[in-house]
Amino acid sequence: MGAALFVTFSVLLAVFVFVFLALGALLEQTGPTRVGGYFGLAAAAGAWYTSAAGVLSTTFGRVVLPTGPR
(Lines give C-alpha, C1' and ligand atoms only; values in the text may rest on other atoms or scores of the structure.)
Protein backbone atom coordinates (compact mmCIF):
# COMPACT_ATOMS: atom_id res chain seq x y z
CA MET A 1 0.00 0.00 0.00
CA GLY A 2 3.03 2.26 0.07
CA ALA A 3 2.57 4.25 -3.12
CA ALA A 4 -1.22 4.46 -2.84
CA LEU A 5 -1.03 5.81 0.69
CA PHE A 6 1.67 8.25 -0.34
CA VAL A 7 -0.50 9.60 -3.15
CA THR A 8 -3.56 9.78 -0.92
CA PHE A 9 -1.87 11.71 1.84
CA SER A 10 0.12 13.87 -0.57
CA VAL A 11 -3.04 15.04 -2.27
CA LEU A 12 -4.95 15.20 0.97
CA LEU A 13 -2.71 17.84 2.52
CA ALA A 14 -5.73 19.27 4.21
CA VAL A 15 -3.95 22.59 4.49
CA PHE A 16 -4.39 23.17 0.76
CA VAL A 17 -8.02 22.13 0.80
CA PHE A 18 -9.03 24.20 3.80
CA VAL A 19 -6.88 27.20 2.92
CA PHE A 20 -8.37 27.42 -0.55
CA LEU A 21 -11.90 26.90 0.75
CA ALA A 22 -11.39 29.54 3.43
CA LEU A 23 -9.89 32.00 0.94
CA GLY A 24 -12.81 31.47 -1.39
CA ALA A 25 -15.26 32.17 1.41
CA LEU A 26 -13.40 35.19 2.76
CA LEU A 27 -12.79 36.76 -0.63
CA GLU A 28 -16.22 35.71 -1.91
CA GLN A 29 -14.67 34.31 -5.08
CA THR A 30 -15.34 30.97 -6.72
CA GLY A 31 -11.79 30.31 -8.01
CA PRO A 32 -10.14 29.35 -4.72
CA THR A 33 -13.25 27.44 -3.66
CA ARG A 34 -13.11 25.34 -6.83
CA VAL A 35 -9.40 24.61 -6.36
CA GLY A 36 -10.08 23.47 -2.80
CA GLY A 37 -12.97 21.34 -4.02
CA TYR A 38 -10.80 19.67 -6.66
CA PHE A 39 -8.11 18.90 -4.08
CA GLY A 40 -10.80 17.39 -1.87
CA LEU A 41 -12.17 15.26 -4.69
CA ALA A 42 -8.69 14.02 -5.59
CA ALA A 43 -8.05 13.11 -1.95
CA ALA A 44 -11.36 11.25 -1.76
CA ALA A 45 -10.62 9.31 -4.96
CA GLY A 46 -7.21 8.29 -3.62
CA ALA A 47 -8.71 7.21 -0.30
CA TRP A 48 -11.43 5.15 -2.01
CA TYR A 49 -8.89 3.44 -4.29
CA THR A 50 -6.54 2.65 -1.42
CA SER A 51 -9.37 1.33 0.70
CA ALA A 52 -10.75 -0.81 -2.13
CA ALA A 53 -7.27 -2.21 -2.83
CA GLY A 54 -6.89 -3.27 0.81
CA VAL A 55 -10.33 -4.87 1.01
CA LEU A 56 -10.01 -6.71 -2.31
CA SER A 57 -6.51 -7.95 -1.54
CA THR A 58 -7.69 -9.35 1.79
CA THR A 59 -10.84 -10.87 0.29
CA PHE A 60 -9.19 -12.61 -2.68
CA GLY A 61 -5.79 -13.28 -1.13
CA ARG A 62 -3.96 -11.64 -4.04
CA VAL A 63 -3.37 -8.19 -5.46
CA VAL A 64 -6.42 -7.08 -7.44
CA LEU A 65 -5.78 -3.32 -7.57
CA PRO A 66 -2.08 -2.43 -7.71
CA THR A 67 -0.85 0.10 -5.19
CA GLY A 68 2.80 0.30 -6.20
CA PRO A 69 5.94 -1.21 -4.73
CA ARG A 70 5.92 -2.01 -1.04
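The values are calculated or read from the model by the stated rules, or taken from the named source; none is laboratory data. Please read all numbers here as calculations on a predicted model, not as lab measurements. SASA here: full protein model, heavy atoms, side chains in, ligands and nucleic acids out. Shrake-Rupley method; radii C 1.70, N 1.55, O 1.52, S 1.80 Å.
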Inset, instruction - Could you run the Karplus curve 6.51 cos²θ - 1.76 cosθ + 1.60 with θ = phi - 60° over the stretch 32-41 and give me ³J(HN,Hα) per residue in whole Hz, x for Gly and Pro? - result: x, 5, 5, 4, x, x, 5, 4, x, 5
Legend entry - Karplus (6.51, -1.76, 1.60) ³J(HN,Hα), θ = phi - 60°, over the stretch 19-28, in Hz, Gly and Pro reported as x: 5, 5, 5, 5, 4, x, 6, 5, 8, 6
Legend entry - Percent breakdown of C-alpha pair distances by 10 Å bin, ordered from the shortest bin, for the chain: 22, 37, 23, 14, 4, 0
Legend entry - Largest to smallest accessible area among Ser57, Ser51 [probe 1.4 Å]: Ser51, Ser57
Inset, instruction - Determine the share of the chain's accessible area contributed by carbon and sulfur atoms, expressed in whole percent, with a 1.4 angstrom probe. - result: 76
Legend entry - For the chain: accessible area per residue (Å², 1.4 Å): 71
